[in-house]
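The values are calculated or read from the model by the stated rules, or taken from the named source; none is laboratory data. Since we're looking at a predicted model, the values are computed, not measured. Note that we place each Cβ from the backbone using ideal geometry, even for glycine, and neighbour counts take in every protein chain shown.
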Amino acid sequence: MKDILKITLPLVAIFIVAGIIMSVTYQHTHPVRFQAEKKEKEEALKEMAPDATDPIKPAGTWSADNKSYEYYQATASGISVAYIAETAGKGYSSFIKMLVSLSPDMKIRDVKILDMNETPGLGDQVLEKSFLDQFKGKSLSQIILTKTETKENIQAVSGATYSSRGVTNGVKDAVQLLVDKYGAGIKTAVQGVEK
């Protein structure tokens, strides 16, 4: 029994000290991390609407896949220049979090991936400009993922179909939201993403 106590008590003490150290570290680093994420998000919003001269503030919230996101109306001297929505799509090994911006005519201006943990060298190819640039200028009805070469729709990254589908579905959800909120009078056919 003494031998068991000799081993157990030091281990319990180590776990308690480690827990206290982790708790104190979290208390000091959480506000710093929160501020860094907030600043990164503000910079990303500016990139999505560089012609906006007024501060870009949330216009509301929306939800998809049981997660809550914000959307924004970017203005210059009170006139709308872009609409932006946070969104995410389920990739192969993570949710791919991104921002999508639309011009006032409801065409995609830009797509920016904020966070993902897809397979390095494969799924992370959706970060490449060549893939993301396919979305620019597209309307809601054109956001269809295909495995074949296309100029009209979105071509999946070879070997990374799940990641490509995650990005495409997330973009489609955001565009649908923004069209519903701001696209008065603009009717587009809603088509599915290839399964």
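Scanning region 21-37 for residues that are surrounded by fewer than 10 Cβ atoms within 10 Å (Cβ to Cβ) and either among the β-branched types (Val, Ile, Thr) or within 18 Å of LEU114 (Cα to Cα) (or both) gives a single hit, VAL32. Give me the pairs, please: first residue somewhere in region 148-172 and crowded, with 16+ Cβ neighbours inside 10 Å and aromatic (Phe, Trp, Tyr), second residue anywhere and at pLDDT below 95 and not in a helix (DSSP H, G or I), beta-carbon distance under 6 Å, and either six or more positions apart or on two chains. Sorted first by the residue in region 148-172, then by its partner, the pairs are TYR162/GLY91; TYR162/TYR92. Candidates VAL111, VAL126: the one that is assigned by TED's automatic domain parsing to the domain that holds ASP173, closer than 21 Å to GLN155 by Cβ, assigned to a helix (DSSP H, G or I) and of a type in the set (A, V, I, L, M) is VAL126. Filtering region 96-108 to residues that are under 15 Å from the mean Cα position of the chain (by Cα) and not in a strand (DSSP E or B) leaves nothing.
Of the residues making up region 133-150, those that are out of contact with any Lys or Arg (no Cβ under 8 Å at 6 or more places or on another chain) and either over 12 Å from VAL171 (Cα atoms) or not β-branched (Val, Ile, Thr) (or both) are ASP133, GLN134, PHE135, SER141, GLN142, THR146, LYS147, THR148, GLU149, THR150.
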